[in-house]
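A.B. asks: Before I ask anything, here is the structure I am working with.
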Amino acid sequence: MPSISTRTHIALAGATGNLGGPILRALLDADFSVTVLSRIGGNSARLKPHPNLAIKEVDFDSVALLTPALRGAQVVVACLATLAIGSQNPLIDAAVAAGVVRFIPAEFGMDSLNPLAAQLPVCAPKAATQRYLQEKSAAHPDFTYTGIANGLFLDWCLEVGIILNPAKHTATLYNGGDVPFSTTLLADIARAVLGVIARQSETANRIVYVHSALVTQNRLIQYAREKDGKEWDTVIKSTEEVRAESLAELAKGAHGDVEAAMLGFSICACFDPNYGCDFSDHLDNELLGVTELGEAELRVLMGGFL
């Protein structure tokens, strides 16, 4: 397998989103040469200039146009938005044609190898992408892939009020709020990407699992109470109810809120043990250089959102 060094050229598809930005910063800080692939007419102009950064506008549906944009890249990292996750095949085909040796798909979330999770509409495209990557890798042995499962984005979800809403001291406690779930800081997900690039042989053609912490919603609320003494306004909701609501939203077709439905399905997978939301017995943290947060660090983190 070709060796990977900081001279490796990385192509990053989607660098302006919640996760793409931290991954881009981590790659540049590690002195990689990075080509950002941006949708034609996208918002790549907001990216700050950097001597190791090039930006190419592409049509993500065109293998013919993507292929030359990927030539010279050894690794492709896909950070596409949730609603675009199912459209990675042209990018994969172009990566194969351009001689890319490692493809990191837009996985970044739930355990897509869990049979129940794989059936959720938000996860089914990820499972299909894995099957496609397996087929391409079998046909082209020099082409490999690694998916990264990291649970919910810990800091981002606290900021926007998905895990909890610390600013308002409110929360929907899924399945009672005592379900242990894996969750990861954006910076640690970026660190895992660097780990995959550095550890090619150990991560080839599989899903790797990382988390910054295994927590419960009630435990995080307790940290907040210890910090400011304020009470919380909470309601309890089952993830099965969330799943039913999300399916109903999808059934509305063009009149439904697809983004809200996909968030609901993600909540199901990340707060229900049956969907494999606890990664603690199969972590790749040590391999990828991701360190778990201690209790004191989690307390400080929660305090920063109050």
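A.B. asks: May I ask you to list the residues in segment 260-295 that are charged (D, E, K, R) and touching a helix residue (DSSP H, G or I) at 6+ places or on another chain (Cβ under 7 Å)? I'd like the intermediate steps shown before the answer.
C.D. replies: Step one: filter segment 260-295 for residues charged (D, E, K, R), giving 272, 278, 281, 284, 286, 292, 295.
Correct list: ASP272, GLU292.
A.B. asks: If you scan segment 219-261, which residues turn out to be assigned to a helix (DSSP H, G or I), closer than 30 Å to GLY304 by Cβ, of a type in the set (S, T, N, Q) and touching a residue at least 12 places away in the same chain (Cβ under 8 Å)?
C.D. replies: Selection gives THR239 alone.
A.B. asks: Which of the residues spanning segment 280-306 are β-branched (Val, Ile, Thr) and either open to solvent by less than 60 Å² (accessible area, probe 1.4 Å) or within 16 Å of VAL210 (Cβ to Cβ) (or both)?
C.D. replies: The answer is VAL290, THR291.
A.B. asks: Taking only segment 166-181 into account, find how many residues are out of contact with any Asp or Glu (no Cβ under 9 Å at 6 or more places or on another chain) and polar (S, T, N, Q).
C.D. replies: 1
A.B. asks: Okay, moving on. Which residue pairs have Cβ atoms closer than 8 Å, lie 6 or more positions apart in sequence or on different chains, and pair a first residue in segment 157-170 that is surrounded by 13 or more Cβ atoms within 10 Å (Cβ to Cβ) and in a loop (DSSP other than H, G, I, E, B) with a second residue that is at pLDDT 95 or above and among the charged types (D, E, K, R)?
C.D. replies: Close Cβ pairs (under 8 Å, with a partner that is at pLDDT 95 or above and among the charged types (D, E, K, R)) amount to GLY161/LYS168; HIS169/LYS230; HIS169/GLU231; HIS169/ASP233.
A.B. asks: With respect to LEU263, determine if the residue is over 23 Å from ILE162 (Cα atoms) and either open to solvent by less than 40 Å² (accessible area, probe 1.4 Å) or not hydroxyl-bearing (Ser, Thr, Tyr) (or both).
C.D. replies: When the stated conditions are applied, LEU263 does not pass them.
A.B. asks: Looking only at segment 56-114, which residues are in contact (Cβ under 8 Å) with a residue 60 or more places away in the chain and aromatic (Phe, Trp, Tyr)?
C.D. replies: The one that is in contact (Cβ under 8 Å) with a residue 60 or more places away in the chain and aromatic (Phe, Trp, Tyr): PHE108.
A.B. asks: Additional query: Counting just the residues of segment 10-24 that are among the β-branched types (Val, Ile, Thr) and farther than 13 Å from LEU185 by Cα, which one comes out surrounded by the fewest Cβ atoms within 10 Å (Cβ to Cβ)?
C.D. replies: The residue in question is THR16.
A.B. asks: Would you call ARG46 out of contact with any strand residue (DSSP E or B) (no Cβ under 9 Å at 6 or more places or on another chain), open to solvent by 40 Å² or more (accessible area, probe 1.4 Å), farther than 22 Å from LEU250 by Cβ and modelled with pLDDT of 95 or more?
C.D. replies: no
A.B. asks: Could you please give the count of residues in segment 217-239 that are in contact with a His (Cβ under 6 Å, 6 or more places away or on another chain) and surrounded by 15 or more Cβ atoms within 10 Å (Cβ to Cβ)? Steps first, answer last, please.
C.D. replies: Filtering segment 217-239 for residues in contact with a His (Cβ under 6 Å, 6 or more places away or on another chain) gives 230, 232.
From what is left, the residues that are surrounded by 15 or more Cβ atoms within 10 Å (Cβ to Cβ) are 232.
Qualifying residue count for the region: 1.
A.B. asks: Collect the residues in segment 278-306 that are free of Cβ contacts under 8 Å to residues at least 12 places away in the same chain and farther than 30 Å from GLN200 by Cα, keeping them in residue-number order.
C.D. replies: GLU295, ALA296, GLU297, VAL300, GLY304
A.B. asks: If a residue must be closer than 15 Å to THR183 by Cβ and touching an Asp or Glu at 6+ places or on another chain (Cβ under 6 Å), how many such residues does segment 230-283 contain?
C.D. replies: Here the count works out to 1.
A.B. asks: Within segment 185-192, identify whether any single residue is in contact (Cβ under 8 Å) with a residue 12 or more places away in the chain, under 29 Å from GLU231 (Cβ atoms) and open to solvent by less than 40 Å² (accessible area, probe 1.4 Å), and answer yes or no.
C.D. replies: Checked against the condition, which is being in contact (Cβ under 8 Å) with a residue 12 or more places away in the chain, under 29 Å from GLU231 (Cβ atoms) and open to solvent by less than 40 Å² (accessible area, probe 1.4 Å), segment 185-192 yields at least one hit.
The values are calculated or read from the model by the stated rules, or taken from the named source; none is laboratory data. Source: prediction; values computed, not measured. FYI the Cβ positions are ideal-geometry reconstructions off the backbone, even for glycines, and counts take in every protein chain you see. Accessible surface areas use protein heavy atoms only, side chains included; no ligands, DNA or RNA. Shrake-Rupley method; radii C 1.70, N 1.55, O 1.52, S 1.80 Å.
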